[in-house]
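For reference, the structure discussed in these notes is given below.
The values are calculated or read from the model by the stated rules, or taken from the named source; none is laboratory data. Everything quoted here is computed from the prediction, not taken from an experiment. In this analysis, Cβ positions are derived from the backbone assuming ideal geometry, glycine residues included, and neighbour counts consider all displayed protein chains. Side chains included, ligands, DNA and RNA excluded: accessible areas come from the protein's heavy atoms. Shrake-Rupley method; radii C 1.70, N 1.55, O 1.52, S 1.80 Å.
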Amino acid sequence: ITPDHLNRHHTMEQYIAAKESITKNIMAYSLLEVAGNGEKTIRDHWMAIMLVLCIQPLLLEGATGYCATSNNYYWTLSLAIYAMIPIKKILKDEKKKFSLLEIICYSIAFLYAANLEQMIVIFAMVMGCITIFYWRKREIPWMVKLYDILLVLESLFIVLCPGNANRYAVEVGVWFPEYPSLDLWQKISMGMGNTLYQVLYNTLPLCMSPR
C-alpha cells in the first residue's frame, strides 16, 4: 500500500462522510418542514436525524452496496420529501408565493426523485389526490400545476427511455424468467407481499423482535 493509495482512500472517506451528512440533514430538514408545526428547535432537528437513521438498517447497505443504497434510495427519499415542502406550504396558505431560487430547487428535487420508478408512482398518487382536491375547489395552485407537468414529462421519459426496456429484458431473463407468464393478480399479490415483508421486517423502527 503506497502513501498515494492511502491519500486517495482518505479523500474518499471524507467525500462519503460529507455526502452522507448532507443527505441526512436534507431529509431531517424536510421532515421538520413537512411534518412539523413550524417551530423547529435543535432537539427537533436531531430527533428527525435519528428517525432518518432508523428508516433503513445499515446492514442493508452491506447487502445492496453503498452506492446503490445511497444514490438510489437515500438521495431519492431525501429529495422527494424536500420536494413536498411547497405542497405543505400551499395547503397551509393557498396564496403562498415562492422565489425563483425555491422553484428551481424544488423542481430539480422533484425531477431527481421522480426518476426512480417506485417514487414516481408515489408522486402520481400524492399529486393526483392534491390535484383533485384543488380541482373540486375550482382553483389549482400554479405550483401544483408545475408538479403535474413535471410528473407527466418524467413519466414519458421513463416509458420512452430505451435503456429501461433493455434493462427489463436482461433483469427478468436473469433473475425471474417465469415473470412474463404470471397473470396480473399474481404480479400484484407478489408485489404486495414483498412490500409488506420489507416494511415489517427490514424497517428498523417496526422491527421490534428477532426474526
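Of all residues in the range 143-185, count the ones that are surrounded by 12 or more Cβ atoms within 10 Å (Cβ to Cβ) and over 22 Å from the mean Cα position of the chain (by Cα).
3
The rows are residues; the columns are (1) open to solvent by less than 60 Å² (accessible area, probe 1.4 Å); (2) in a helix (DSSP H, G or I); (3) more than 25 Å from D148 (Cα to Cα); (4) at pLDDT below 85.
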position: M12; (1), (2), (3), (4): no, yes, yes, yes
position: E20; (1), (2), (3), (4): yes, yes, yes, yes
position: M27; (1), (2), (3), (4): yes, yes, no, yes
position: E61; (1), (2), (3), (4): yes, yes, yes, yes
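Pull out all pairs, ordered by first then second residue, where Cβ-Cβ is under 7 Å, the residues are six or more apart or on different chains, the first lies in the range 102-125 and is in contact (Cβ under 8 Å) with a residue 12 or more places away in the chain, and the second is surrounded by fewer than 16 Cβ atoms within 10 Å (Cβ to Cβ) and among the β-branched types (V, I, T).
E117/I158; I120/I158
Matching residues to (1) under 19 Å from I149 (Cα atoms); (2) among the hydrophobic types (A, V, I, L, M, F, W, C); (3) modelled with pLDDT under 85; (4) open to solvent by 60 Å² or more (accessible area, probe 1.4 Å):
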| site | (1), (2), (3), (4) |
| --- | --- |
| N7 | no, no, yes, yes |
| P57 | no, no, yes, no |
| Y74 | no, no, yes, no |
| Y82 | yes, no, no, no |
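Go through the range 124-142 and count every residue that is in contact with an Asp or Glu (Cβ under 7 Å, 6 or more places away or on another chain) and either at pLDDT below 90 or open to solvent by 20 Å² or more (accessible area, probe 1.4 Å) (or both). Explain how you work it out, then say what you get.
Keep residues of the range 124-142 that are in contact with an Asp or Glu (Cβ under 7 Å, 6 or more places away or on another chain), which gives 127, 131, 141.
From the residues that got through so far, the ones that are either at pLDDT below 90 or open to solvent by 20 Å² or more (accessible area, probe 1.4 Å) (or both) too are 131, 141.
Counting residues in the range 124-142 that are in contact with an Asp or Glu (Cβ under 7 Å, 6 or more places away or on another chain) and either at pLDDT below 90 or open to solvent by 20 Å² or more (accessible area, probe 1.4 Å) (or both) gives 2.
Quickly run through the range 106-123 and pick out the residues that are open to solvent by 50 Å² or more (accessible area, probe 1.4 Å) and assigned to a helix (DSSP H, G or I). Quick ask: steps written out before the conclusion?
Of the range 106-123, the ones open to solvent by 50 Å² or more (accessible area, probe 1.4 Å) are 108, 111-112, 115, 117-118, 121-122.
Answer for the range 106-123, where residues must be open to solvent by 50 Å² or more (accessible area, probe 1.4 Å) and assigned to a helix (DSSP H, G or I): I108, L111, Y112, E117, Q118, V121, I122.
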